[in-house]
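Bear in mind that the values in this text are calculations on the coordinates, not laboratory data. What you see is a predicted model, and the numbers here were worked out from it, not measured in a lab. Using ideal geometry, Cβ is built from the backbone for each residue, glycine included, and neighbour counts are taken over all protein chains shown.
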Amino acid sequence: MDKVCVCCHESFPQHPAVRKQRYCSKPVCQKERKKQWQRRKLNTDSAYRENQADAKRAWRAKNGSYWREYRAKHPAYVERNREKQRERNHKRPRKRDLAAVPVIAKMDALTPRNIILSGRYRLVPLATDGIAKMDALVVEIGIVSSGSALASPAGP
């Protein structure tokens with residue numbers, strides 16, 4: 001019995017072992033099937049999402065200079081990216097008193113060295129009109145002194 005592929009909309013013979021087959025065997029359709037599966041999995045499975053984040057973190061740790069090298073070898077990519085960013089900046093509404101250069105936060109903006117001393121800190125979110133990528137968070141870090149009410153132990 002033939003079915004219609006949800007990707008390319010062409011009919012294909014259904015594999016007898018796959019009762020709910022929705023995609024044909026073309027590589028582009030299989031790639032789309034995998035992409036849809038991954039999207040659903042990321043939205044519904046927190047363990048899968050954490051494993052993917054860990055894998056990406058490990059890859060970035062091993063390949064820290066990848067994007068720097070890629071941009072050096074592909075100047076057309078760099079120029080296109082700059083132009084697209086200018087377009088996004090132009091479309092974004094600006095406040096009159098904040099007409100200066102916009103703040104753009106990137107997920108790899110932190111330096112690898114630890115510049116914060118160990119201790120107890122208070123994190124206060126700051127309002128910004130910049131662009132934040134993924135899960136970036138802009139905070140003010142203030143040391144809480146031992147005499148402060150916030151410095152009392154949180155435990156029993």
Fill in: Estimated FRET transfer efficiency when R0 is 41 angstrom, pair TRP37-ASN89 (beta carbons, to 0.05)
0.70
Response to the item:
Classified through the alpha carbon gyration tensor (a ≥ b ≥ c as square roots of its eigenvalues; rounded if a/c is under 1.5, else prolate when a/b is larger than b/c, else oblate), region 3-76 comes out oblate
Worksheet item: So which trypsin sites (Lys or Arg not before Pro) in region 1-83 pass both tests, a DSSP loop state and at most 12 other Cβ atoms within 10 Å of the Cβ?
Response: ARG19, LYS20
Worksheet item: If you bin every alpha carbon distance in region 37-88 into 5 Å steps from zero, what whole percent lands in each bin?
Response: 4, 17, 14, 13, 13, 19, 16, 4
Fill in: Simple label model, 7 Å out from Cα along Cβ direction - GLN30 to ARG82, nm
4.2 nm
Worksheet, complete the sentence: Under the 7 Å Cα-to-Cβ spin-label approximation, TYR48 and PHE12 lie apart by a distance in nanometres of 2.0 nm
